[in-house]
Structure formats: C-alpha cells, structure tokens
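**Student:** Would you mind keeping the following structure in view while I ask a few things?
The values are calculated or read from the model by the stated rules, or taken from the named source; none is laboratory data. Since the structure is predicted, the reported quantities are computational estimates derived from the model, not experimental observations. Neighbour counts are summed over all protein chains in view; Cβ atoms, including those assigned to glycine, are modelled from backbone coordinates with ideal geometry. What goes into the accessible areas is simple: the full protein's heavy atoms, side chains included, and nothing from ligands, DNA or RNA. Shrake-Rupley method; radii C 1.70, N 1.55, O 1.52, S 1.80 Å.
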Amino acid sequence: MARFIFITGGVVSSLGKGLASAALGSLLQARGYSVRLRKLDPYLNVDPGTMSPFEHGEVFVTDDGAETDLDLGHYERFTGVAARKTDSISSGRIYQNVLDKERRGDYLGKTIQVIPHVTNEIKDFIRIGEDEVDFMLCEIGGTVGDIEGLPFFEAIRQFSQEKPAGDCIFIHLTLLPWIAAAGELKTKPTQHSVKELRSIGLAPDVLVCRAQTPIPPKEREKLALFCNVRPERVIAALDLNSIYEAPLVYHEEGLDQAVLDAFRISPAPRPNLDKWLDVADAVHNPDGEVRIAIVGKYTQLEDAYKSINEALTHGGIANRVKVRVEWIDAEVFEADDAPAKLEGFHGILVPGGFGERGTEGKINAARFARERKVPYLGICLGMQMAVIEAARNLLGIENAGSQEFDHEAKGGNARFEPVIFHMSEWVEGNRTIKRDVADDKGGTMRLGAYDAVLTPGSRVAEIYGDTDIAERHRHRYEVDIKYRERLEGCGVRFSGLSPDGRLPEIMELPDHPWFVGVQFHPELKSKPFDPHPLFRSFVEAAVRQSRLV
Ligand code: GLN
C-alpha cells in the first residue's frame with residue numbers, strides 16, 4: 001500500500017511546485033522506491049485540451065490519450081514513469097463525474113453537496129492504483145487560499161485522517177522574498193500561508209522555501225517556530241542554472257531525508273544518484289554549441305513548447321553540446337526577405353500547432369531547410385507543412401494546402417487542394433472511430449500512443465534501431481495517402497506508416513543531410529537520462545552542420 005505525499009503551494013504561483021514534486025519523485029526512486037505522481041488542478045476546464053497554450057503552456061499527452069497539464073511532462077522526464085489518464089484531474093472533471101452520477105440517479109435522491117460528494121470523488125481519484133507503488137505524490141495546483149482549491153484541501157485533510165496514522169505527509173512550497181533595502185529574506189508571507197493551511201486543518205511536515213539566497217539560521221529557526229515545522233525540515237530551494245540540477249540540489253538540501261524522517265523510515269536506504277550526476281556533468285561541461293531555430297506561433301511563452309525545449313536539451317546531453325534555441329515567430333517568414341533570418345542556424349524545427357496563422361511562414365522555413373540542406377525536424381503541423389511544401393514546389397500542385405485552413409476544400413470554392421485532409425474515421429484497436437469536423441473541440445482528436453511501422457533501411461529505422469515504434473499523437477488532420485506515390489516520385493519518402501498502411505506517420509528526404517517530418521510528438525517521450533532517438537539524431541546532424549557553416 002502506498003504512502004502519500006501531498007504537495008501544496010502558498011504565497012504566489014509559479015514557484016516550481018511541479019519541478020519540486022518531480023525531483024522528489026526521482027530522489028525516492030534513487031533510494032529504491034517506486035513512485036507515481038499526480039496533479040489535482042482546481043480550474044473548471046474538464047481538461048487543459050481546450051486552453052490556449054499562451055495562457056496555460058503546452059498540453060501534455062499521455063500514452064492512453066489524456067490531454068493533461070504540462071507538469072505531467074516534468075513528472076515523466078524526471079521519473080521515467082509513463083503518466084496515465086488517471087494521473088491528472090481538474091475540478092471540472094470532478095464536477096462532471098458527480099453531475100453524471102446525479103443524473104443517473106446514483107445518489108438515491110440525496111442532496112448533492114461539496115462535502116461529501118465532491119470530496120469523495122476527489123478521494124476516490126487519489127486512491128486509484130494505491131497498491132501499485134511505494135509512494136504516491138499528489139500535487140495540488142494553485143495556492144492555498146484560492147476559493148476553487150478548497151474542496152481539494154478538504155479532501156486531502158479527510159484522506160489523511162482515514163489512512164492509518166503516519167501514512168500521509170504534507171509538503172508546503174512557499175516564497176521567501178528578498179527585501180534589498182533591509183538585506184533580508186522575509187518569512188512573514190510563509191507564516192501567513194501556513195496559518196491559512198492550518199485554519200483548514202492541514203499542518204505541513206516539510207516546508208520548501210524558494211529563495212534567492214541561502215536561508216540564514218535565524219530565519220530558518222523563525223520559520224520552524226512560527227510554522228510548527230522542525231528546523232531540519234525547512235528546505236531552501238534556490239534558483240538553478242538547469243532544472244536537471246534539481247534532484248542533486250534538493251538532495252543536498254535534505255529534502256528526501258526530511259520526507260523519509262517525516263514518515264519515520266529509519267534507517268533510510270542510501271540513494272544512488274549516478275544517473276543525475278551524469279546528466280549534470282553533460283549539462284555543465286558541453287563540448288560546443290549548436291543553434292536551433294524553432295519557427296512557431298506561440299513563441300511569446302516558452303512553456304507553450306515546453307517538451308520540445310526539453311527534448312532538445314536532452315539531444316544536447318546525448319551529444320555533449322549546448323543547444324541554443326531561438327524562437328522565431330512564423331509570421332516573420334511570410335515576408336520576402338525571410339530566408340535571411342534563417343541564415344546561420346544549424347537546425348530548423350517547426351513544431352505542432354493549430355490554425356492557419358503563420359503557416360505560410362512555416363512552409364517557407366521548410367523550403368529554406370530543404371533547398372539549403374539545413375537539418376529540419378517537423379513535428380505534427382511541422383510535418384504537414386513540409387509535405388505541403390514538397391507538394392507545391394516538387395510536385396507542382398501550386399495550391400496544395402490543408403483542409404484545416406479551408407473546410408470547404410472538398411467543395412467547389414476551395415482555396416487549397418487538400419494534401420492534408422480531415423480524417424473522419426480511423427481504427428483504434430478493433431474499434432472504428434468516427435469524427436466530424438463540426439464535433440466539439442474538446443477531446444475530438446487522434447490522441448495518445450499509436451503504432452507505426454518503419455521502412456527497413458530508411459533513415460528513421462536506423463535512428464530508432466527498430467521498425468516497430470509507438471508514439472503519441474494529438475491532431476485532427478492527416479497527410480492524404482493518395483498523394484504518396486506522386487510525392488515519392490519527387491524525392492519524398494514516407495518511411496513510417498500506420499500498421500494498416502493508410503496513414504503516413506513519417507516523411508523524410510533521402511537526398512538531404514537530415515530532413516524528417518513526423519505526424520506524432522516524439523518530444524513527449526524524451527528524458528534527460530534517455531534522450532529520444534530523433535532528438536539525439538537531429539542534434540547530431542546540427543553538430544555536423546555547425547562544422548560546415
Ligand atoms: N493542426 C494540425 C492537426 O490538427 C496539427 C496538430 C498538431 O500539430 N498537434 O492535424
């Protein structure tokens with residue numbers, strides 16, 4: 001039966017609760033324990049699938065097809081444990097479940113209330129798979145004091161009372177602001193945040209405090225005294241150069257020891273941190289640098305492409321180089337002088353995206369990479385753009401385009417010939433799934449892991465070292481297989497297809513030093529200690545390119 005660790009936040013948001021949770025998970029693993037991490041989000045969206053990447057950052061997709069918060073990406077990258085649908089929940093989903101049950105009559109005429117019906121639903125969620133791991137880490141989104149967070153705090157309070165004493169602990173993450181005029185780290189906001197927690201019946205066992213400078217003994221004692229936490233369980237979280245230092249730095253600060261002490265696990269198994277020492281060494285001592293341009297739409301918020309950014313770092317770790325990423329707004333490439341802006345990069349990556357804005361720029365970027373023989377990685381929409389580019393400029397279909405930008409493409413007044421079309425029917429296991437463009441926007445895509453078969457001898461088969469792969473998808477549109485032969489006649493190779501041969505999964509240009517487009521999202525499965533083969537190979541190609549320019 002699992003022990004439970006609840007992680008809450010206070011004072012301000014964006015303190016790195018997800019990262020702290022992920023790093024703690026990896027430290028418990030380093031001591032030989034099995035872990036699973038979960039995120040409980042108080043917002044009312046049923047899932048983050050419909051939220052703007054500008055607002056909420058990237059949508060992380062699990063193997064089993066859930067659209068989740070980007071913190072699940074951190075969890076996977078640090079622990080290597082594949083997240084599942086049942087590792088992420090929002091208030092919206094909880095209420096949806098409760099209301100569905102109410103409509104079905106499951107509550108037998110009772111009045112439905114936050115306590116017990118909503119809190120029970122939350123507790124049932126927390127318990128899923130509790131007998132599978134040693135530790136279940138549950139992060140509560142938002143900060144203590146938020147109105148919508150209350151049912152979650154109440155549920156974890158009840159939960160810890162129902163479990164045998166000592167099976168649950170609470171970690172509270174706060175901020176110690178630095179007041180330059182006084183030359184001091186201030187503890188008062190943390191004291192208030194803990195007071196707020198205690199007023200709803202929760203007492204933290206461990207305090208993790210984000211701070212710009214180490215916490216002086218006087219402040220540490222003050223925090224311990226006023227927050228009712230032992231001084232050795234006040235952990236400083238200082239700013240890091242790389243997030244991959246987090247496990248080592250938290251270990252030095254004593255986070256994992258504090259947690260095991262709080263559970264009274266003694267003697268604690270010794271940790272093996274070799275994996276993280278290797279990662280930190282590669283990050284800190286690179287043998288060079290490559291410059292990669294990411295030509296996308298959501299470039300103002302780096303979190304919108306979180307996993308791609310991280311996967312490139314992993315590709316850098318694999319090749320022992322620093323990857324310098326520059327974000328370029330795709331619309332910039334719609335101008336005539338666009339190519340000049342791509343000079344000097346060692347690789348070009350066009351990521352996933354939705355909607356027409358910026359796509360002509362992405363097509364120009366793909367053309368530049370093809371003609372100038374710069375390594376190109378196209379992901380999802382980035383593959384679709386590369387196929388459109390090839391159809392226009394190699395095959396001569398001048399108005400090649402995607403049905404996404406032109407729902408009328410099949411009718412008489414289409415702007416585009418739909419080389420990329422809306423897939424209204426596909427096979428999942430032994431079921432046929434049907435979808436209409438006009439369906440709800442929530443959860444109507446090809447989502448989650450699907451198998452693909454690679455052509456023996458192709459570049460991608462060599463990169464993967466295998467011909468059977470499974471990768472995660474999140475899209476509505478597909479390359480129309482009917483163009484396959486004609487495109488292959490002009491130098492494109494579809495080197496990966498769905499097992500039934502109907503859906504192109506990978507395109508490559510065999511006569512180019514490195515040009516690969518994939519319909520899926522390889523970045524979601526990359527780890528610092530196990531970089532994804534495509535990112536490893538793409539960065540390797542960029543290193544070769546850097547020696548040429
Ligand atoms: N908008 C495209 C589609 O739905 C690509 C999606 C993506 O890049 N994730 O097919």
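**Student:** State the percent of C-alpha pairs, over all pairs in region 453-549, separated by a distance greater than 16 angstrom.
**Tutor:** When every Cα pair of region 453-549 is considered, 58 percent fall beyond 16 Å.
**Student:** Please give the length that would be gained between Val12 and Lys123 if that part of the chain were fully extended, namely 0.36 nm times their separation in residues minus their C-alpha to C-alpha distance (nm, one decimal).
**Tutor:** Working: separation 111, 0.36 × 111 = 39.96 nm, distance 2.59 nm.
Between Val12 and Lys123, full extension yields 37.4 nm more.
**Student:** Highest first, please rank the peptides 283-289, 61-67 by the mean number of other Cβ atoms sitting within 10 Å of their residues. Walk me through the numbers before you get to the answer.
**Tutor:** Working: 283-289: 13.0, 61-67: 20.7.
Packing order, densest peptide first, comes out as 61-67, 283-289.
**Student:** I'd like to know how region 246-373 sits against the 2.2 N^0.38 Å rule of thumb: what's its Cα Rg over that expected value?
**Tutor:** That works out to 1.48 for region 246-373.
**Student:** Helix-derived [θ] at 222 nm for the chain: sum -39500 (n - 2.57) over DSSP H runs of at least 4, divide by residue count, nearest 500? Before the final figure, lay out the partial values.
**Tutor:** Numbers: 18 runs with 185 residues, N = 549.
So the calculated ellipticity at 222 nm is -10000 deg cm²/dmol.
**Student:** For the chain, which whole percent of the accessible surface, found with a 1.4 angstrom probe, sits on carbon and sulfur atoms? Walk me through the numbers before you get to the answer.
**Tutor:** On the way: 10830 of 22860 Å².
Looking at the chain in its full context, I get 47 percent from C and S.
**Student:** Within region 1-157, how many lysine pairs that are 8 or more places apart, or on different chains, have C-alpha atoms less than 18 Å apart? Please report the intermediate quantities before stating the final value.
**Tutor:** On the way: Lys17/Lys39; Lys39/Lys85; Lys39/Lys123; Lys85/Lys123; Lys101/Lys110; Lys101/Lys123.
Within region 1-157, the lysine pair count is 6.
**Student:** Right, something else. From Cα coordinates alone, what are the radius of gyration and Dmax values for the chain in angstrom?
**Tutor:** For the chain, the Cα-based Rg and Dmax read 25.0, 76 Å.
**Student:** Okay, next question. Given a cut-off of 21 Å, what percent of all Cα-Cα pairs of region 195-316 lie beyond it? Don't jump to the answer; show the numbers that get you there.
**Tutor:** Working: 4236 of 7381 pairs.
Roughly 57 percent, rounded to a whole number.
**Student:** Moving to a separate point now. How high is the FRET efficiency between Ala224 and Asp530 when r is their beta carbon distance and R₀ equals 45 Å, given to the nearest 0.05?
**Tutor:** Values: r = 39 Å, r/R0 = 0.87.
Computed FRET efficiency for Ala224 and Asp530: 0.70.
**Student:** Here's a follow-up. Mind checking the alpha-carbon convex hull of region 72-130 and giving the volume per residue in Å³? If you can, show how the numbers build up before the last one.
**Tutor:** Values: hull volume 5.6 nm³, N = 59.
In region 72-130, the Cα hull volume divided by residue count equals 95 Å³.
**Student:** Which FRET efficiency, nearest 0.05, do Glu488 and Leu548 yield, Cβ-Cβ r, R0 30 Å? Working shown, then result.
**Tutor:** Details: r = 28 Å, r/R0 = 0.94.
Efficiency, rounded to the nearest 0.05: 0.60.
**Student:** Be a star and scan region 453-488 for residues whose amide nitrogen sits under 16 Å from the point 7 Å along the Cα-to-Cβ vector of Asp500.
**Tutor:** What the label zone holds, given the 16 Å backbone N cut-off, is 453, 477-482.
**Student:** Here is a follow-up. Label points 7 Å out from Cα along the Cβ direction at Ser266 and Lys85: separation in nm?
**Tutor:** Each label point is offset 7 Å from its Cα along the Cβ direction, giving 4.4 nm.
**Student:** Å³ per residue of the Cα convex hull, for region 213-281?
**Tutor:** Values: hull volume 6.7 nm³, N = 69.
So the per-residue hull volume is 98 Å³.
**Student:** Would you list, by chain and number, the aspartates and glutamates whose Cα falls below 14 Å from the Cα of Lys275, excluding same-chain residues fewer than 8 positions away?
**Tutor:** In chain and number order, the partners are Glu245, Asp530.
**Student:** Could I have the simple spin-label model distance between Glu371 and Glu184, label points 7 Å from Cα toward Cβ, reported in nm to one decimal?
**Tutor:** Computed distance between label sites Glu371 and Glu184 equals 6.5 nm.
**Student:** When ligands, DNA and RNA are left out and all protein chains stay put, how many square angstrom of accessible area per residue does the chain have with a 1.4 Å probe? Write down the numbers at each step before the final one.
**Tutor:** Working: 22860 Å² over 549 residues.
Counting only protein heavy atoms, the per-residue value for the chain is 42 Å².
**Student:** Express in Å², to the nearest 10, the accessible area of Asp278 obtained by rolling a 1.4 Å probe over the protein heavy atoms while all chains stay in place.
**Tutor:** Near enough 100 Å² of accessible area.
**Student:** A follow-up question, please. May I have the convex hull volume per residue, in Å³, for the Cα set of region 487-541?
**Tutor:** Working: hull volume 4.4 nm³, N = 55.
Cα convex hull per residue, to the nearest whole number: 79 Å³.
**Student:** Take every Cα-Cα pair in region 256-317 and report what % of them are more than 17 Å apart. List each step's numbers first, then the result.
**Tutor:** On the way: 1178 of 1891 pairs.
Across region 256-317, Cα pairs with separations above 17 Å total 62 percent.
**Student:** Two decimals is fine: what is log10 I(q)/I(0) at q = 0.15, 0.17, 0.18 Å⁻¹ for region 1-101, from a Debye sum with one equal scatterer on every Cα and no solvent?
**Tutor:** The computed values of log10 I(q)/I(0) come out as -0.65, -0.82, -0.92.
**Student:** Hey, if you drop one equal point scatterer on each alpha-carbon of region 282-348 and run the Debye formula without solvent, what base-10 log of I(q)/I(0) do you get at q = 0.13 Å⁻¹?
**Tutor:** -0.40
**Student:** Oh, and also: Report the net charge of residues surrounding Glu540, where surrounding means a beta-carbon distance below 13 angstrom and charges are Lys +1, Arg +1, Asp -1, Glu -1.
**Tutor:** Values: positive: Arg320, Arg459, Arg536, Arg544, Arg547; negative: Asp287, Glu462.
Result for the local shell: +3.
**Student:** Same structure, new question: Write down, largest first, the equivalent ellipsoid semi-axes of region 128-267 in whole Å, where each equals the square root of 5 times an eigenvalue of the alpha-carbon gyration tensor. Display every interim value, and only then the final one.
**Tutor:** Numbers: eigenvalues 130, 73, 43 Å².
They are 26, 19, 15 Å, listed from largest to smallest.
**Student:** Hey, another quick one. Got a sec? What order do Val332, Val59 fall in by accessible area at 1.4 Å, biggest, i.e. largest, first? Kindly include the intermediate steps, with their values, before the conclusion.
**Tutor:** On the way: Val332 50, Val59 25 Å².
Sorted by accessible area, descending: Val332, Val59.
**Student:** Roughly what % antiparallel, to the nearest 5, for the DSSP beta bridges in the chain? It would help to have the intermediate numbers written out before the result.
**Tutor:** Working: 28 of 79 bridges.
Looking only at bridges with both residues in the chain, the antiparallel portion is about 35 percent.
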